[in-house]
Amino acid sequence: HPHSGELHRRANQRVPGGVHSNIRLVGPQAYVSEGRGAWLYGVDGEEYVDYLLGQGPNFLGHAPTSVLDAVDEASRKGTIYAGQHPLEVEASELLCEVLGWPDMVRFCVSGTEAVQAALRLARAVTGRTGVISFEGHYHGWLDNVLAAPGPDGSWRAASAGQVPGHLDDLTVLPWNDIDVLAEVLRHGRDEIAAVIMEPIMINSGVIEPIEGYLDKVRQLCSQYGVVLIFDEVISGFRVGLDGAVGRYGVRPDLATYGKAMAGGWPAAALVGRRDLMEWFGSGTVNHSGTFNASVMATAATIASLTYLRNESPYAGVEEYGTALMDGLRECAESHGLPLRVAGLPAAFHVSFGDEGVTDYRSLQRLDLERYQKLAGVLVDHGLWVAGRGVWYVSVCHGSEELDATLLRFAKALNDWS
Ligand code: PMP
């Protein structure tokens with residue numbers, strides 16, 4: 001392979017911004033060409049312990065054999081598409097079985113599409129158009145759900161202020177504040193089709209719902225006939241086999257999954273109650289897509305879910321994440337740095353600042369920029385992390401990775417401070 005410097009120059013000629021996404025590594029221009037287990041290998045010979053995991057999908061580590069074999073076997077029999085094949089049936093059944101609560105499934109290619117399908121279904125079922133989402137929650141890159149902070153600090157659709165046009169039907173509220181939601185629902189009861197949230201706010205900084213919050217959201221949605229959608233694209237299969245639904249014991253009407261579901265392959269799903277999901281089959285609501293439920297995606301889903309169900313690696317992930325969080329804290333403390341490491345062992349947030357964060361606004365009190373600078377140094381020292389501060393753990397992280405990480409982290413802090 002060419003070296004990183006050359007790749008970076010060429011990328012900037014052909015890819016706007018040099019990379020496919022607005023989320024990028026900070027600091028060094030590193031390119032990786034291979035991944036195995038919890039490790040990534042750079043084109044210039046570097047070895048990284050991976051805590052980004054592709055923003056979540058590589059929960060089984062890189063190149064998991066059982067998923068590779070399943071995808072290889074399935075695709076060698078023909079990619080089929082737009083056909084009825086047994087893998088879709090088997091994957092749907094297995095998904096419902098491991099999650100425990102949904103009745104039906106529609107597969108999609110990406111999390112964004114699963115969210116779009118959920119919102120369309122909610123609008124069809126309720127005959128209403130409004131959607132409530134929450135500050136700091138990410139639901140994909142489409143205009144109708146992508147919210148971003150405006151210049152005045154309030155939240156609105158991301159296209160507002162950047163591209164012409166605005167979205168009338170999205171209301172973005174502070175999260176973990178049941179009174180605000182109750183008030184808005186009381187006034188907008190005939191207009192609101194859906195409430196959508198990350199049941200654990202992971203994307204902007206790994207904040208759990210406060211005690212009783214999800215229960216009350218559930219009650220309000222039932223009371224006003226609003227469809228409750230849990231976007232578990234990032235929490236699903238990561239914080240437990242049954243995601244946040246299992247963790248907090250609150251059931252939505254619809255939920256979206258992706259990322260960790262298929263062991264690294266692009267696959268996503270919308271799941272939900274039969275009486276809602278059946279609208280798709282009735283012909284009243286369209287949901288289609290050439291690449292949906294491909295043999296590769298469904299084979300990968302089956303292999304990944306089978307592994308997670310049979311091996312139940314969650315205790316190990318929790319143990320690793322807890323040891324890592326403790327280790328990072330101790331190391332920072334011995335360097336006299338006020339590092340804040342908070343969240344869940346399977347996905348946690350690293351920043352500088354105080355405790356007591358319950359929503360997106362209070363998160364802004366942290367020194368996120370200072371961490372962003374550190375992240376660049378960490379990448380230089382062989383830890384693959386993004387500037388946003390969310391670290392993800394895989395089932396492949398073990399004692400070797402823990403030792404390597406803490407050594408590298410200490411070295412990075414030495415060189416930095
Ligand atoms: N919802 C959540 C909670 C996500 O974390 C993401 C991706 N970060 C999405 C939706 C969008 O998924 P995708 O990038 O696969 O379209």
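The values are calculated or read from the model by the stated rules, or taken from the named source; none is laboratory data. Please read these numbers as outputs of a predicted model, since none were measured by experiment. FYI the Cβ positions are ideal-geometry reconstructions off the backbone, even for glycines, and counts take in every protein chain you see.
Scanning the stretch 273-293 finds no residues that are away from the ligand (no atom under 16 Å from the Cβ), within 19 Å of Ile202 (Cβ to Cβ) and at pLDDT 95 or above. Scanning the stretch 380-400 for residues being out of contact with any helix residue (DSSP H, G or I) (no Cβ under 9 Å at 6 or more places or on another chain) and touching a residue at least 60 places away in the same chain (Cβ under 8 Å) gives a total of 1. Answer yes or no as to whether Ser235 is more than 21 Å from the chain's Cα centre (by Cα) and either in the same structural domain as Ser75 (by TED's automatic domain parsing) or of a type in the set (Asp, Glu) (or both). So Ser235 fails the test. Condition check: outside the structural domain of Tyr51 (by TED's automatic domain parsing), within 17 Å of the chain's Cα centre (by Cα) and in contact (Cβ under 8 Å) with a residue 24 or more places away in the chain. Does Trp279 satisfy that? Answer is no for this residue. Within the stretch 172-189, the only residue that satisfies the criterion of being surrounded by 19 or more Cβ atoms within 10 Å (Cβ to Cβ) and among the β-branched types (Val, Ile, Thr) is Val172. If you take the residues in the stretch 204-233 that are among the charged types (D, E, K, R) and in contact with an Asp or Glu (Cβ under 9 Å, 6 or more places away or on another chain), which one is nearest to the ligand (Cβ to nearest atom)? Within the stretch 204-233, the match that is nearest to the ligand (Cβ to nearest atom) is Asp231.
Residues in the stretch 313-337 that are in a loop (DSSP other than H, G, I, E, B) and within 20 Å of the chain's Cα centre (by Cα): Pro313 only.
Applying the set (1) outside any helix (DSSP H, G or I); (2) assigned by TED's automatic domain parsing to the domain that holds Gly398; (3) among the hydroxyl-bearing types (Ser, Thr, Tyr) to Thr290 leaves exactly one unmet item: (2). Reported count of residues in the stretch 330-369, each being touching a Leu at 6+ places or on another chain (Cβ under 9 Å) and closer than 21 Å to Asn203 by Cα, is 12.
Close contacts from the stretch 109-132, counting a first residue that is within 21 Å of Ser288 (Cα to Cα) and a second that is assigned to a helix (DSSP H, G or I) and within 16 Å of the ligand (Cβ to nearest atom), with Cβ to Cβ under 8 Å and a gap of 6+ residues or different chains, come to Val109/Ala297; Gly111/Lys259. Counted as qualifying within the stretch 353-417 are the helices (runs of 4 or more DSSP H) with 2 or more residues that are buried (at least 16 other Cβ atoms within 10 Å of the Cβ) and at pLDDT 90 or above, namely 368-380, 399-416. Name the single residue, out of those in the stretch 234-256 being within 17 Å of Ala194 (Cα to Cα) and of a type outside the set (Lys, Arg), that is nearest to the ligand (Cβ to nearest atom). By that ranking, first place goes to Thr256.
Please verify whether Gly205 is crowded, with 22+ Cβ neighbours inside 10 Å and in a loop (DSSP other than H, G, I, E, B), treating the condition exactly as stated. In short, yes.
Val317 fails exactly one of the following numbered conditions: (1) touching a strand residue (DSSP E or B) at 6+ places or on another chain (Cβ under 9 Å); (2) crowded, with 21+ Cβ neighbours inside 10 Å; (3) outside the structural domain of Gly225 (by TED's automatic domain parsing). What is the number of that condition? Checking Val317 against (1) touching a strand residue (DSSP E or B) at 6+ places or on another chain (Cβ under 9 Å); (2) crowded, with 21+ Cβ neighbours inside 10 Å; (3) outside the structural domain of Gly225 (by TED's automatic domain parsing), the one that fails is (1).
Per-residue answers, yes or no, for (1) touching a strand residue (DSSP E or B) at 6+ places or on another chain (Cβ under 6 Å); (2) surrounded by fewer than 16 Cβ atoms within 10 Å (Cβ to Cβ):
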| position | (1), (2) |
| --- | --- |
| Gly258 | yes, no |
| Trp265 | no, no |
| Gly283 | no, yes |
| Pro313 | no, no |
| Ala346 | no, no |
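The one condition from (1) in a strand (DSSP E or B); (2) more than 23 Å from Val89 (Cβ to Cβ) that Pro252 does not meet is (1).
If the condition is being buried (at least 24 other Cβ atoms within 10 Å of the Cβ) and touching a residue at least 60 places away in the same chain (Cβ under 8 Å), then the stretch 208-242 contributes Val226, Val227, Ile229, Asp231, Val233, Ile234, Ser235, Phe237, Arg238, Val239.
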